[in-house]
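Participant: Once you've had a glance at the structure underneath, I'll fire off some questions.
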Amino acid sequence: MQIEGGSEGVIVGGTTGEGHLMSWDEHIMLIGHTVNCFGTRIKVIGNTGSNSTREAVHATEQGFAVGMHAALHINPYYGKTSTEGLISHFEAVLPMGPTIIYNVPSRSGQDIPPQVIDALSGYSNLAGVKECVGHERVKCYTDKGITIWSGNDDECHDSRWKYGATGVISVASNLVPGLMRSLMYEGGNALLNEKLLPLMKWLFCQPNPIALNTALAQLGVARPVFRLPYVPLPLEKRIEFVRIVEAIGRGNFVGQKEARVLDDDDFVLISRY
């Protein structure tokens, strides 16, 4: 569905893909499976980042061994480090293959400051940065010729058309890939952006991927099974989603089934898997 919608790449095992809930064996298996099934039709980026440099190196080595086209690397979270430590961490994985650095301080607890990216910009394997800090940070990099993907759906239109971002690594594109492609590649379109903002806002009413998982279940694209600690959105938010689908148009969303409001009893929550 993503390929048909015009997505240029997929992140396997990122935040939205619940990589942090997987064992590394499962994680690498899914990267390899995606490459095997779709690697000639779409770029496959494996999230092989870790707060442990040793684990990041090992996982990245395995990811490239199973055929991923690029790696996504977050900075060490919780166990934060110094500026010099951040540079050393990324320098340990950059020689292994094309790398996108992911800056999301709200999750990692630490900003990757521009001096870190500046220090790494000489590496030919630095494919770019997924940046969540905002427009000014995006412009800081694009002015230097560094490739940037917006990490914020609600900012991606302006980041793309006003501040020079290449595109977006998106949550909403899991639901409306064709519309997100139009937003990124068919010129500035404030009306389309305005139309999509309620969906983008809804997707982040609770920490991602709670809303997305709920939406995919209500569209009949994924089974209504949640790995704890994630639980589905409450009923009023599930009703709101169906109204959003109606407003945007069901044909713009992935899947073939009608959007429906699921009951609490329709969901399965699992703690061991």
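Participant: For region 55-62, state whether one or more residues are part of a loop (DSSP other than H, G, I, E, B), touching a helix residue (DSSP H, G or I) at 6+ places or on another chain (Cβ under 9 Å), open to solvent by less than 30 Å² (accessible area, probe 1.4 Å) and at pLDDT 95 or above.
Facilitator: There is no residue in region 55-62 that is part of a loop (DSSP other than H, G, I, E, B), touching a helix residue (DSSP H, G or I) at 6+ places or on another chain (Cβ under 9 Å), open to solvent by less than 30 Å² (accessible area, probe 1.4 Å) and at pLDDT 95 or above.
Participant: Only one of (1) under 24 Å from ALA71 (Cβ atoms); (2) outside any helix (DSSP H, G or I) is not met by TYR141, so which one is it?
Facilitator: It is condition (2) that TYR141 fails.
Participant: Would you check which residues across region 97-133 are of a type in the set (D, E, K, R) and in a loop (DSSP other than H, G, I, E, B) and list them?
Facilitator: ASP111, the sole residue that qualifies.
Participant: Determine if region 122-129 includes at least one residue that is at pLDDT 95 or above, open to solvent by 40 Å² or more (accessible area, probe 1.4 Å) and within 23 Å of ILE210 (Cβ to Cβ).
Facilitator: No - not one qualifying residue is present in region 122-129.
Participant: Can you go through LEU262, LEU228, LEU233 and tell me which one is over 20 Å from GLN2 (Cα atoms), of a type outside the set (Asp, Glu) and loosely packed, with under 14 Cβ neighbours inside 10 Å?
Facilitator: Values: LEU262 fails: loosely packed, with under 14 Cβ neighbours inside 10 Å; LEU233 fails: loosely packed, with under 14 Cβ neighbours inside 10 Å.
Unique residue meeting the criteria: LEU228.
Participant: Take the conditions out of contact with any Cys (no Cβ under 6 Å at 6 or more places or on another chain), polar (S, T, N, Q), at pLDDT 95 or above and in a helix (DSSP H, G or I) and apply them to ASN213. Does it pass?
Facilitator: Yes; evaluated as a whole, the condition is true for this residue.
Participant: Filter region 93-151 down to residues that are out of contact with any helix residue (DSSP H, G or I) (no Cβ under 9 Å at 6 or more places or on another chain) and of a type in the set (Lys, Arg) and give me whichever is nearest to THR48 (Cα to Cα).
Facilitator: Restricting to residues being out of contact with any helix residue (DSSP H, G or I) (no Cβ under 9 Å at 6 or more places or on another chain) and of a type in the set (Lys, Arg), the top hit is LYS130.
Participant: While we're here: Looking at (1) under 18 Å from ASP154 (Cα atoms); (2) buried (at least 18 other Cβ atoms within 10 Å of the Cβ), can you tell me which one VAL254 breaks?
Facilitator: Every condition holds for VAL254 apart from (1).
Participant: Look through region 1-50, keep the residues that are of a type outside the set (D, E, K, R) and in a strand (DSSP E or B), and return whichever of them is most open to solvent (accessible area, probe 1.4 Å). Spell out how you get there, then give the answer.
Facilitator: Of region 1-50, the ones of a type outside the set (D, E, K, R) are 1-3, 5-7, 9-17, 19-24, 27-40, 42, 44-50.
Adding the requirement that they be in a strand (DSSP E or B) leaves 9-12, 44-47.
Numbers: GLY9: 33, VAL10: 34, ILE11: 58, VAL12: 18, VAL44: 0, ILE45: 19, GLY46: 0, ASN47: 28 Å².
Result: ILE11.
Participant: Right, another one. For region 131-150, name all the residues that are open to solvent by less than 20 Å² (accessible area, probe 1.4 Å) and not β-branched (Val, Ile, Thr).
Facilitator: Correct list: GLU131, GLY134, TYR141, SER150.
Participant: Here's another thing I want to ask about it. Any idea which of (1) open to solvent by less than 50 Å² (accessible area, probe 1.4 Å); (2) outside any helix (DSSP H, G or I) is the one TYR163 doesn't satisfy?
Facilitator: Here TYR163 clears every test but (1).
Participant: Now for a separate question. Within region 75-96, is even one residue of a type in the set (A, V, I, L, M), in contact (Cβ under 8 Å) with a residue 24 or more places away in the chain, open to solvent by less than 10 Å² (accessible area, probe 1.4 Å) and part of a loop (DSSP other than H, G, I, E, B)?
Facilitator: No.
The values are calculated or read from the model by the stated rules, or taken from the named source; none is laboratory data. Not measured: the values here are computed from a predicted model. Every residue, glycine among them, receives a Cβ derived from its backbone with ideal geometry; neighbour counts consider all protein chains shown. The accessibility values were calculated without ligands, DNA or RNA, using every heavy atom of the protein model including side chains. Shrake-Rupley method; radii C 1.70, N 1.55, O 1.52, S 1.80 Å.
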